[in-house]
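**Student:** Once you've had a glance at the structure underneath, I'll fire off some questions.
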Amino acid sequence: MSVKVFVSSVIRGQEEWRDAARSAIETLGLQAVMAEDFGASPNAPRTECLAAVRDADVMILILGSEYGQPLASGLSATHEEYREACESTPVLAFVHKGSVRTGDRARFVDEVREWESGHYTGSFTDAAELRDNVFRALFEFQGAVETMPLDADALNDRAGELLPEHGFGGSAELVVAVAVGPARAVLTARQLGDAELHRYLLGEALTGTSAVLSTTSGTQQRVTPASIVFDQRDDRRQVELHTDGSITVAQPAIRSGSPVQALPALIEEDIADWIARVLEFGGSVLDHIDPANRTSRFAVRVRLTGAGHLPWRTRDEQARSPHSATMSIYPHDRLEVHLTPPVRRRPALRQQSRELAEDLTASLKLAIRSDPWHR
């Protein structure tokens, strides 16, 4: 089956550039997917284009001086296509060197360039150079895909395998596992014992912008044949970095510092904040140990254990009624959720951490509240 390459750009005034991209694509024997080729359809043009983006194997994004007419979303068609691709489709972006950009045009280019480790970004001066650059980038993309294929189901299963069978015990615990792929060794046995890497990981976990360990608790470090582990048993926290770049982080599901007199509860915003923090931490660590982006995809599993009869509440609900709540008559001792679709592109760990965390938190909430006695 031929690789589908979606070409995204302003159409009017950039016909020569689009033809150059098509030429490069078809010379490689790939299928160029372009809006001007779409036939009659009962669907709106935007619906057709966004569906084509989702169906493509890779997107070629061409950026010049024109932004395009904003649609109902406030974004241009090209910008919408790019945002859609960021969810699941690799992007090869090419920025015209001689174009002057201000306002929306400049912000769009900045957004593309700031999507760290997300995709290749090149430049060009004319149609001939664009053709050569697109050809080269697609040739390299094909080689990478063919050399290291991704098994999405296996990656999702790997995330589940990272979740420990037994936690610290004693009370509710939240564990987040981030598995990365394609499967390969990111860290060697020698690197597992590298003191400089240990210092970086501990510093990032304790005081980084997305710290996941407590600065008030003692930390024990150990190295296994397949991972580096940091334990804070007093606080019931743990960070484990595996040789394939995957990460597992555990912590109490109830935030420390809650009022002593208040009934313990699972606070929705606290759980979402924690999951987002772990995703951002994972993204930072991966950028450090795999700056070449050899692991380009990830899957997440979240497990809540030991929740028992605890109620699920928002911060506002807990503040309004801290001393009373409707408890579940059935204990929820082991709940596990994942994303749908389960596999995402690696840059989303940092760029979409909040959105992904809220999706996972909503899934946990639905799992708990599926019990009719738990409200």
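Just so you know, all these numbers are worked out from the coordinates, no wet-lab data involved. Here the structure is a predicted model, which means the values were calculated and not measured. Reconstructed Cβ throughout: ideal geometry from the backbone, glycine too, with neighbour counts over all protein chains shown.
**Student:** What number comes out for the charge environment of D273, summing +1 per Lys or Arg and -1 per Asp or Glu over other residues with Cβ under 13 Å away?
**Tutor:** -1
**Student:** Another question, then. Given 37 °C and 0.692 mPa s, compute D for the stretch 4-147 with the Stokes-Einstein relation, Rh being the Kirkwood radius over Cα pairs; round to the nearest whole µm²/s.
**Tutor:** Result for D is 215 µm²/s.
**Student:** Just going by the charge dipole of the stretch 4-147, with Lys and Arg at +1 and Asp and Glu at -1 on Cβ, which of G122, L50, H96 is farthest out on the positive end?
**Tutor:** H96
**Student:** Under 8 Å for C-alpha pairs, at least 6 residues apart: give me the relative contact order for the chain, rounded to a whole percent.
**Tutor:** 15
**Student:** Only bridges with both residues in the chain count here: give the DSSP antiparallel percent, nearest 5.
**Tutor:** 65
**Student:** Charges at C-beta only: +1 for Lys and Arg, -1 for Asp and Glu. How large is the resulting dipole of the chain about its Cα centre, in Debye rounded to 20?
**Tutor:** The dipole magnitude comes to about 740 debye.
**Student:** Still on this structure, please answer the following. Quick one, which of (1) 63, 48, 45; (2) 69, 51, 40; (3) 94, 60, 43 is the actual Cα extents along the principal axes in Å calculated for this model?
**Tutor:** The listed entry that was calculated here is (2).
**Student:** Let me ask something else about it. Within the chain, what's the longest stretch lacking chymotrypsin sites (Phe, Trp or Tyr not before Pro) that sit in DSSP loops with no more than 14 other Cβ atoms inside 10 Å?
**Tutor:** Value returned for the longest uninterrupted segment is 39-372.
**Student:** Given only helices, namely DSSP H runs of n ≥ 4 each adding -39500 (n - 2.57), what is the per-residue ellipticity at 222 nm of the chain, to the nearest 500 deg cm²/dmol?
**Tutor:** When only DSSP H runs of four or more count, the value is -12000 deg cm²/dmol.
**Student:** How tilted is helix 103-114 with respect to the longest principal axis of the chain? Cα atoms for both, answer in degrees (0 to 90, nearest 10).
**Tutor:** The helix 103-114 is inclined about 60 degrees to the chain.
**Student:** Continuing with the same structure: If you put +1 on each Lys and Arg Cβ and -1 on each Asp and Glu Cβ, how big is the dipole of the stretch 152-369 around its Cα centre, in Debye rounded to 20?
**Tutor:** 160
**Student:** Further question: Using a 10 angstrom cutoff on alpha carbons, build the Gaussian network for the chain and name the most mobile of R315, R237, R12.
**Tutor:** In this elastic network of the chain, the residue with the biggest mean-square fluctuation among R315, R237, R12 is R12.
**Student:** Please figure out what share of the DSSP beta bridges in the stretch 219-319 is antiparallel and state it in percent, rounded to the nearest 5.
**Tutor:** Bridges in the stretch 219-319 that DSSP calls antiparallel: roughly 90 percent.
**Student:** Could I ask something else about it? What is the distance in Å between the Cα centres of the stretch 122-145 and the stretch 70-89?
**Tutor:** The stretch 122-145 and the stretch 70-89 have Cα centres spaced 22 Å from each other.
**Student:** Over 24 Å, how big is the tail of the calculated P(r) for the stretch 152-369, in percent of all Cα pairs?
**Tutor:** Percent of Cα pairs beyond 24 Å in the stretch 152-369: 41.
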